[in-house]
1. Kindly list, by first and then second residue, each pair from a residue in the range 39-64 that is among the aromatic types (Phe, Trp, Tyr) to a residue that is open to solvent by 10 Å² or more (accessible area, probe 1.4 Å) and part of a helix (DSSP H, G or I), limited to pairs with Cβ atoms under 7 Å and residues at least 6 apart or on different chains.
2. Please name all residue pairs, on different chains or six or more residues apart, with Cβ atoms under 7 Å, provided the first residue is in the range 1-27 and is buried (at least 16 other Cβ atoms within 10 Å of the Cβ) and the second residue is among the aromatic types (Phe, Trp, Tyr).
3. Tell me, which residue of the range 58-74 that is in a helix (DSSP H, G or I) and small (Gly, Ala, Ser) is surrounded by the fewest Cβ atoms within 10 Å (Cβ to Cβ)?
4. Restricting to the range 28-57, give me the number of residues that are open to solvent by 60 Å² or more (accessible area, probe 1.4 Å), within 10 Å of the chain's Cα centre (by Cα) and either of a type in the set (A, V, I, L, M, F, W, C) or at pLDDT 95 or above (or both).
5. Assigned to a loop (DSSP other than H, G, I, E, B) and open to solvent by less than 30 Å² (accessible area, probe 1.4 Å), is that true of Leu89?
6. Being closer than 16 Å to Asp24 by Cβ and over 14 Å from the mean Cα position of the chain (by Cα) is the filter here, so list the residues in the range 58-83 that pass it.
Amino acid sequence: MESKKLQIYRNRLLVADLINDVLDSKLCVQQALNQFPDEKNDINIKCAFDALMYREADEDLRAKVKGYANVQDKYLALIAKILKENQVLPKNIIQRYLKFHKDDIISEKETNFKTFLKKIKRMINF
C-alpha cells in the first residue's frame, strides 16, 4: 500500500496541475473542481479548492474591478507553486480559510441522500 505522505504529495501535484490548467485556460474552474482529489486531511488542498472556487464566484469582480483578476490569478499561481513544491501554505492563507469554511467543502465520492442534502445546503450558503 502506498504511503500516506506519497499520496498527499501526489494529490498536491494534481491540484497544482489543475490550478495551472485553469490559469492557462485548458480547463474551466468547474472541470478542475470535479477532478480534485477526495482528500479530507490536507488543509492545503482544501484551501486550494476554496481559492479556485472563488475564481469562478468572483466573475463579476474580475470583470469590473481593474486588476482584481490579475491579483486573484497570481494568488492561485502562488498556491499551485507551493503545492507543486510539496510545501504547506502560509498560515495566513490557512487561517483565512478556517475563518470562513469550517466544514469540508470537498464533496465525498460516495453519495447518499444525507450527503447529497449536505452538499446542496453548502451550495446554497455560498
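1. Hits for this filter: Phe49/Leu33.
2. What qualifies is Val15/Phe36; Leu18/Phe36.
3. The first filter runs over the range 58-74 and keeps only residues in a helix (DSSP H, G or I), leaving 59-64, 68-74.
Among the residues that remain, those that are also small (Gly, Ala, Ser) are: 63, 69.
Values: Ala63: 9, Ala69: 16.
Looking at the filtered set, the residue picked out is Ala63.
4. 0
5. Working: assigned to a loop (DSSP other than H, G, I, E, B): yes; open to solvent by less than 30 Å² (accessible area, probe 1.4 Å): yes.
Yes; evaluated as a whole, the condition is true for this residue.
6. Once the filter is applied, which keeps residues that are closer than 16 Å to Asp24 by Cβ and over 14 Å from the mean Cα position of the chain (by Cα), the range 58-83 yields Ala69, Asn70, Lys74.
The values are calculated or read from the model by the stated rules, or taken from the named source; none is laboratory data. Just so we're clear, the structure is a prediction, and the values are computed from it rather than from any experiment. All Cβ positions, glycine included, derive from the backbone under ideal geometry; neighbour counts span all protein chains shown. In case anyone asks, the SASA skips ligands and DNA or RNA and just uses the protein heavy atoms, side chains included. Shrake-Rupley method; radii C 1.70, N 1.55, O 1.52, S 1.80 Å.
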